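Reviewing the structure listed below.
The values are calculated or read from the model by the stated rules, or taken from the named source; none is laboratory data. Not measured: the values here are computed from a predicted model. Every residue, glycine as well, gets a Cβ built from its backbone with ideal geometry; the counts of neighbours run over all protein chains shown. Quick note on the areas: whole protein, heavy atoms, side chains included, nothing else; ligands and nucleic acids left out. Shrake-Rupley method; radii C 1.70, N 1.55, O 1.52, S 1.80 Å.
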Amino acid sequence: MLYPCFAKRTLSRSFLFFCLIAIFAYMLPIEPSLAAYPLDTPADADTQAKLPPDYQRALPSAEVLIDVGHGGIDGGAHHEDVLEKDINLAVAKKLYLLLSASGIRVILNRDGDYALSDDNRWNPAGSRHRRDLSQRSQLTKEIQTKILVSIHVNWAPDRTEHGPLVLHQNEGESALLAFCIQDALNRKHNTRYLPRVGAPFYLLKVVKQPAVIVEMGFISHEGDRQMLTDPRQQLQLAEAISSGVRNYILFR
């Protein structure tokens with residue numbers, strides 16, 4: 001038998017204990033249930049199975065793709081033992097370093113003396129030249145880039161032809177890129193040439209991004225040839241092209 005005073009004391013302590021538990025339970029954070037937020041629930045297996053695999057993140061991306069003209073068996077324009085492919089690669093490597101140093105993400109499509117047609121195993125064309133061009137254009141579809149700058153050297157039967165020339169697509173963004181690079185090269189060469197629409201050129205026809213072909217000078221002209229083969233002046237060429245690309249990016 002409990003004494004009335006002990007019973008009252010026991011009841012008061014029990015009531016206080018349950019009140020404390022209720023207070024602490026109220027203060028604890030409540031985990032949201034999936035049912036409360038149906039939009040956050042994972043998609044069902046059937047929906048996920050229907051989505052195609054996303055390989056985009058597995059491929060590199062860059063603001064600028066440098067297309068190094070010719071290579072390997074394809075020497076390009078030449079004068080005696082001076083080959084365009086070697087000049088293109090030398091300037092393109094310098095351009096790559098300058099753009100990278102400026103914080104611009106950039107990709108070279110070749111960093112050695114080989115033909116891009118050798119990498120093309122998917123095009124059944126018998127023409128090596130067609131496989132080379134299709135390989136270059138395919139890279140712009142597989143790699144996410146904003147602009148393409150194709151590096152080349154010019155040639156003409158008239159040995160007095162000289163100076164830089166930038167060819168562009170018949171499109172505003174490409175024309176703006178060409179004008180930026182042409183202006184920088186004009187200041188380096190002390191010339192006043194204007195860029196032109198490169199209507200017959202395959203790359204400019206098929207590439208969807210703004211693209212230009214930079215003819216840095218004429219290998220058939222003695223003065224241009226000396227400039228194109230001098231490592232210091234190659235660096236100056238790369239600096240001019242880099243300046244034009246940076247200005248284009250700023251204008252956009």
Report summary line: With Gly198 itself left out, Lys, Arg at +1 and Asp, Glu at -1 over residues whose Cβ is under 11 Å from its Cβ give +1
Report summary line: Any residue on another chain or 5+ positions along whose placed amide H is under 5 Å from the amide H of Asn109 is listed here as Ile66, Val68
Query raised in the report: Which is farthest toward the positive dipole end of the range 204-252 among Gly223, Ile213, Ile249, measuring Cα position about the Cα centre, with Cβ charges +1 (Lys, Arg) and -1 (Asp, Glu)?
Result: Ile249
Report summary line: Judged on accessible area alone, 1.4 Å probe, highest first, Asp230, Asp86 line up as Asp86, Asp230
Requested in this report: Heavy atoms only, probe 1.4 angstrom, no DNA, RNA or ligands counted: give me Asp113, Asp67 ranked by accessible area, highest first.
Outcome: Asp113, Asp67
Report summary line: Heavy-atom accessible area of His152, protein chains in place, probe 1.4 angstrom, given in Å² to nearest 10, is 30
Report summary line: Quick note, the range 175-228: a/c under 1.5 would make it rounded; otherwise a/b > b/c is prolate and the rest oblate (a ≥ b ≥ c, C-alpha gyration tensor); here it is oblate
Report summary line: Largest-first ranking of Glu222, Glu63, Glu173 by accessible area, probe 1.4 Å, whole protein assembly kept, is Glu222, Glu173, Glu63
Report task. Please list 160-166, 78-84 highest first by mean number of surrounding beta-carbon atoms within 10 Å per residue. Result -> 160-166, 78-84
